[in-house]
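S.K.: Just passing along the structure, written as structure tokens.
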Amino acid sequence: MSKKEFTITVYTENQVGLLNRIAIIFSRRKINVDSLNTSPTEVESVHRFTIVINETEEVVKKLCRQIEKQVEVLKAYYNTEDEVVWQELALYKVPTDIIASEVKVERLLRENGAHTVVIRKDYTVFAVAGHREETEALIKVLEPFGLIEFVRSGRVAILKGSSDFHDRLKEFEQQEPGEEVIENEYLNENEQVFTM
Amino acid sequence: METLTINKEQTNLSNNSSPHGGVREVVTISGSVAVLEALLAENVDTIFGYPGGAIMPIYDALYDYQEKIKHILVRHEQGGIHAAQGFARASGRTGVVFATSGPGATNLVTGLADAMIDSTPVVCITGQVFAHLLGTDAFQETDVINITTPVTKWNYQVTDANEIPHVLAKAFYIAASGRPGPVLIDITKNAQLQQFNFEGYHKCEHIRSYRPKPIVRKEYVEAAAKMINEAKKPFVVFGQGVILGKAEKEFTQFIEKAGSPAAWTIMGMSAIPTNHPLGMGMLGMHGNYGPNVLTNECDVLIAVGMRFDDRVTGRLDKYAKQAQIIHLDIDPAEIDKNVKATVGIWGDCKETLPMLTALVEQKVYPQWLARFHEFAEEEKQTCILPEINPQTETLSMAEVINTLNELVKGDAVIVTDVGQHQMVTCRYASYNHSKSNITSGGLGTMGFALPAAIGASFANTGRPVIAVIGDGGIQMTIQELGTIMQSDANVKIMVLNNQYLGMVRQWQQLFHDKRYSFVDIASPDYVLVAKGYAISGNKVSKREELKKAMTAMLAHNGAYLLEVMVGKEDNVFPMVPQGCSVSEIRLK
């Protein structure tokens, strides 16, 4: 079985420390994570991890079972690229004077679907949302024009066939609302206590 | 800060009130008192622990609970958690450990890893520095939650006393339900001291994101039953799942109706009596001859509550390739993990086994059983008889265990450490009762046996607790003799001394040209050491003295240490060499 790209979607409780619990499932097996994104879901109190890795289906299946075994994980799915709609966001910082003086840059940016986020005297930031090839293509385009900085977000992905799960998730939350996360609220309280 | 203690009657009142309205008595108590109230509500009567700075408020509260909860002061936190494991394994209940922050908590890590891999229900409560000091490298501050994440089923840091009742309820529920495991709750000192409105303790029975066991899918049970009914040579291999699921009776009914021979993993041992007519012995690297060879000859392999550890399977690509495989397990991550199942049945074996039993036909397989008996006879002639009646001047480990069998007749709880003596004990000891074989199976933790035996002795099984330990292992946790002295733990300790780290030496002999690299380990005078701890003892090296010395040990009122000198370079056989298939097991 050959390796390919899989998107793992994990629905979880919002809990401090869960990111580590999920991350070590990969690191323990010396598996590199290509991209990781955490976000809320459409259902309050349910959170979502979107993880991209390059592995065989056999390995991915076992990883999902280990993830799902964690107490605070509701469900873990894995999908191939054609089963999800996905996007990554990239930002590019380029010197403004070069952009202003080179006429063809404007055309290249338009062709690559980039839009301007900020324009400053010394630099301009462009953004592109799309697949990996698209965001990478613009790097090549902008490199000759003095690309200063490039950054790409983690992948966000939506399952093509998820309406069923969405309904169940909503029902689930209605029946049993999630607990509120209690974070450490004492960190700024510099009490003068003798600690043993 | 003043700690307000409340008496039991008061909290019982609040416990009785309905959680969904009605009159609820609210009392103000400290987080520490809430911890102890939680333990009482969970019927905890024994704790193993060691105090320290960050857990002092809990120990202060414990001072008022001494009559209700017995606290065993160990000599090292590792001893504490192994004792809790021994307690849990012998009693079937959850073991509880207290430790302080920093080094106290890090000393638990080996025990947590051991409990994790051997699915032992343990709840550890560790103290932590004040919440406002977290992340400041405060005195005895360690990131315990992150250190223990890979070796706990669940862990949680409490920084506010209001969280204590429901977090502990979750802890006990998670530790014991589904596939059991260790849980660690780290409580900052401010939360222990904080006064809060205690609204009673309510046991946790459900967590929305956690499914300890599923509704069993009947179609898989039916498919499995069909396979078993069509089998010519069925073979059952079972693990600790049978014991953890409290399904010994259901399991026995299943194999007896199906007529299938069955063999146990080291962790499944004692789930059925060792002399059961369908019990074929132990699987794995030093298991019995027949079960290993015939794994590669059966046509349907039925795995119950076991996880196909590499020590059981040997070389995976040559493991039971001819057979259809049925795998029953409560943990879905185990199904298809190492061995691909033809049919996987996810569920609690207490439920799935009776469903399966109802569908299988009553059968006997005399010819197939005869195959096992042939191998058993060969093993008996080549290995067992020479081992229990050795021609050597020195005693063999097998004859020591055989003598123990003659005296306790299968009615003891035997706790073993790790190494040659462990394999020999598990090969030769006989058991009549479940939960009688306590050993560190998955992690192979040397130093496990002495503290685990202490824990087992507090489980009130009504049977003697005998720790069989090598001369290497006992020196790893020998300080726990102090715990035995102080707590009057009735543990019989048999040190099988071969003056080597025997298992490593055996491998060095067989696979490393007898280059005995650092396995020659010196021992103190164990009898003298025991005497220093006010524990009686004796040392034997002669065959004619063995039985008498062992009888004296068993008859002794209280703890006793018996050192038995055994052959220096004896090896454990049969053996499946590393990288070999189970059917390539060597008898010598």
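Just so it is clear, none of the values below were taken in a lab; they were calculated from the coordinates. Nothing here was measured: the structure is a model prediction, and the numbers come from that model. With ideal geometry, Cβ positions are generated from the backbone for all residues, glycine too; neighbour counts draw on all protein chains shown.
S.K.: Starting from the Cα-Cα distance between A:MET1 and A:ASP34, subtract it from 0.36 nm times their residue separation and give me the gain in nm to one decimal.
M.R.: 9.9 nm
S.K.: A further question follows. Please report the antiparallel percentage of DSSP beta bridges with both residues in the protein assembly as shown, rounded to the nearest 5.
M.R.: Within the protein assembly as shown, antiparallel bridges account for around 45 percent of the total.
S.K.: So, one more: Enter the angle in degrees (range 0 to 90, nearest 10) between the Cα long axis of helix B:502-511 and the first principal axis of the Cα atoms of chain B, meaning the one along which they spread out most.
M.R.: Value to nearest ten degrees: 50.
S.K.: Only Lys, Arg, Asp and Glu count, each charged at its Cβ (+1, +1, -1, -1), so figure out the dipole size of chain B about its Cα centre, rounded to 20 debye.
M.R.: 1140 debye
S.K.: Defining a contact as two alpha carbons under 8 Å apart and six or more residues distant in sequence, what relative contact order in percent does the stretch B:240-318 show?
M.R.: 29 percent
S.K.: 7 Å from Cα along Cα→Cβ at both B:HIS556 and B:ASN338: what's the point-to-point distance in nm?
M.R.: Going from the B:HIS556 label point to the B:ASN338 one covers 3.8 nm.
S.K.: While we're looking at this one, here's another question. Please compute, over every Cα-Cα pair in the protein assembly as shown, the percentage with a separation greater than 49 angstrom.
M.R.: 26 percent
S.K.: Further question on the same structure: Provide the gained length on full extension for the span B:TYR63 to B:LYS588, in nm with one decimal, where the gain is 0.36 nm per separating residue minus the Cα-Cα distance.
M.R.: Roughly 183.3 nm would be gained on extension.
S.K.: Which residues in the stretch B:115-157 place their backbone N less than 19 Å from a point set 7 Å from the Cα of A:LEU19 along the Cα-to-Cβ direction?
M.R.: Those under the cut-off are B:134-136, B:143-150, B:155-157.
S.K.: Same structure, new question: Determine the sum of side-chain charges near B:GLU399: Lys and Arg each +1, Asp and Glu each -1, restricted to other residues whose C-beta is under 11 angstrom from that of B:GLU399.
M.R.: -1
S.K.: Right, something else. Other chains near A:50-63: what is the mean number of their Cβ atoms within 10 Å of each residue's Cβ?
M.R.: Average neighbour count from other chains, rounded to a whole number: 1.
S.K.: May I ask what percent, to the nearest 5, of DSSP beta bridges between residues of chain B are antiparallel?
M.R.: Once the DSSP bridges in chain B are tallied, antiparallel ones form about 10 percent.
S.K.: Still on this structure, I have one more. For the protein assembly as shown, what is the charge dipole size about the Cα centre, in debye to the nearest 20, if Lys and Arg each add +1 at the Cβ and Asp and Glu each add -1 at the Cβ?
M.R.: 2160 debye
S.K.: Show me the ranking of peptides A:119-130, B:310-321, B:416-427 by mean Cβ neighbours inside 10 Å, starting with the highest.
M.R.: Ranked from most to least packed, the peptides come out as B:416-427, B:310-321, A:119-130.
S.K.: Determine the percent antiparallel among the DSSP beta bridges restricted to the stretch B:8-198, to the nearest 5.
M.R.: Beta bridges within the stretch B:8-198, antiparallel portion: roughly 15 percent.
S.K.: Same structure again: For B:PHE48, A:PHE49, which order do you get if you count the other beta carbons within 10 Å of each Cβ and list the fewest first?
M.R.: Ordered from fewest to most neighbouring Cβ atoms within 10 Å, B:PHE48, A:PHE49 come out as A:PHE49, B:PHE48.
S.K.: Same structure again: Relative contact order for the stretch B:218-371 using alpha-carbon pairs under 8 Å, separation at least 6, rounded to a whole percent?
M.R.: Reported as a whole number, the value is 30 percent.
S.K.: Is any residue of the stretch B:23-56 close enough, with backbone N under 11 Å, to a label point placed 7 angstrom from the Cα of B:GLN195 along the Cα-Cβ axis, and if so, which?
M.R.: Within reach of a label on B:GLN195: B:28-30.
S.K.: Under 11 Å from the Cβ of B:GLN322, count the other residues' Cβ atoms, weight Lys and Arg +1, Asp and Glu -1, and hand me the total.
M.R.: Charge balance near B:GLN322 sits at +1.
S.K.: Would you mind giving the mean number of other chain beta-carbons within 10 Å of the Cβ of each residue in A:179-186, as a whole number?
M.R.: Shielding by partners across A:179-186 averages 5.
S.K.: Find out how many positive minus negative residues lie around A:SER162, taking Lys and Arg as positive, Asp and Glu as negative, among other residues whose Cβ is under 14 Å from that of A:SER162.
M.R.: Around A:SER162, the charge tally is +1.
S.K.: At a threshold of 8 angstrom on Cα-Cα distance, excluding pairs fewer than six apart, so keeping six or more, what relative contact order does the stretch B:39-112 reach in percent?
M.R.: Normalised by residue count, the contact order of the stretch B:39-112 is 41 percent.
S.K.: Over 26 Å between Cα atoms: which of B:LYS409/B:LYS542; B:LYS409/B:LYS492; A:LYS69/B:LYS340; A:LYS104/A:LYS140; A:LYS69/B:LYS318; A:LYS30/B:LYS213 fall into that group?
M.R.: Long pairs (Cα-Cα over 26 Å): A:LYS69/B:LYS318; A:LYS30/B:LYS213.
S.K.: For the stretch B:389-577, with only Lys/Arg (+1) and Asp/Glu (-1) charged at the beta-carbon, what is the dipole magnitude about the Cα centre, in debye rounded to 20?
M.R.: Here the size comes out at about 220 debye.
S.K.: Return the whole-Å distance between the Cα centroid of the stretch B:516-588 and the Cα centroid of the stretch B:78-103.
M.R.: If you average the Cα positions of each part, the centres end up 26 Å apart.
S.K.: Which residue, A:ILE158, B:THR425, A:ALA114, has the largest displacement toward the positive end of the dipole of the protein assembly as shown when charges sit on each Cβ (Lys, Arg +1; Asp, Glu -1)?
M.R.: Towards the positive end, the residue furthest out is B:THR425.
S.K.: Give me a single rounded figure for B:156-163: the average over its residues of other chain Cβ atoms within 10 Å of their Cβ.
M.R.: Mean inter-chain Cβ contacts per residue within 10 Å come to 3.
S.K.: Picking from B:TRP154, B:ALA559, B:LEU395, whose Cα lies most toward the positive end of the charge dipole for the protein assembly as shown (charges on Cβ: Lys, Arg +1; Asp, Glu -1)?
M.R.: Farthest towards the positive pole: B:LEU395.
S.K.: With each label point set 7 Å from Cα along the Cα-Cβ vector, what nm distance links A:GLU106 and B:LEU510?
M.R.: 8.0 nm
S.K.: Angle, helix B:77-91 long axis vs. longest principal axis of chain B, Cα atoms, 0 to 90°, nearest 10?
M.R.: On a 0 to 90 degree scale, this one is about 70.
S.K.: Evaluate E = 1/(1 + (r/R0)^6) for B:LEU385 and B:LYS542, where r is the Cβ-Cβ distance and R0 equals 35 Å; express this FRET efficiency to the nearest 0.05.
M.R.: In this case the efficiency is close to 0.95.
S.K.: Shifting gears a bit: What is the Cα centroid distance between the stretch B:215-255 and the stretch B:328-381, reported in whole angstrom?
M.R.: 6 Å
S.K.: I'd like to compare B:176-186, B:392-402, A:104-114: which one has the highest average count of other Cβ atoms within 10 Å, and what's the full order after that?
M.R.: B:176-186, B:392-402, A:104-114
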